[in-house]
Amino acid sequence: MARLRHSFIKTWLLLCTFVFTLSVSKGVPGGQPQVAVELADSQRVRLSWPDSAVGFSLEGTSTLGPGALWLPVSGTPIREDSRFSVTIDATARQQFLRLRALVYPTIIETSPLDGETGVAVTRETIVRFSAPLSNTAVINGTNFYAGFGGRKLLSRVELSSDRKKASLFYLEPIPGNTRVTVVFDSTGLTDNAS
């Protein structure tokens, strides 16, 4: 599962019968890991990439196209000689594999802004994400709340249907002329692609 932080998506495709790599996006921090492919024996292929390329998932599918179902390849990557490696069965007639950088949503906008003045005492607080949070991500008054003077304000939290926006609605007026601190703790929150 991916933790809430900033990153980009990177995908490579490998065709096991006729091995090739195809870079389909740019901008992965640390650069593009070079994937090495070698025959382990007559029925297995070993894929490896530098161990500095953390946060990648090896996924496979039997068909390409918009409806392709990419699933994690069984087997945990093993770290040896400064490389991660996975050995897979190559007897399937056709397999497509990709090494994908996990997508991490980030907070791209808040309302009100940090330090904003003249905020209505009934105005909700909104946090927008760069990507949808996972269907299992839970945001509640424990990890998203506001307070002042050492006390939490009574509030309720809503996550939008597209899971890209969290809103904190206040159930009591915010005291006027008071500096309110809003806390959003992303610990344990994951994206929808993990």
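Just so it is clear, none of the values below were taken in a lab; they were calculated from the coordinates. All of these numbers come straight from a predicted model, not from anything done at the bench. FYI the Cβ positions are ideal-geometry reconstructions off the backbone, even for glycines, and counts take in every protein chain you see.
When peptides 48-58, 72-82, 113-123 are ranked by their average number of other Cβ atoms within 10 Å per residue, the highest-first order is 48-58, 72-82, 113-123. Taken along its three principal axes, the alpha carbon spread of the stretch 141-190 comes to 34, 20, 14 Å, from the longest extent down to the shortest.
Working from label points 7 Å from Cα in the Cα-to-Cβ sense, the Val183 to Ala68 distance is 4.4 nm.
Normalising by residue count, the stretch 107-184 has a Cα convex hull of 85 Å³ per residue.
Sorted into 10 angstrom bins from 0, the C-alpha pair distances of the stretch 53-194 split as 10, 30, 23, 16, 13, 7, 1, 0 percent.
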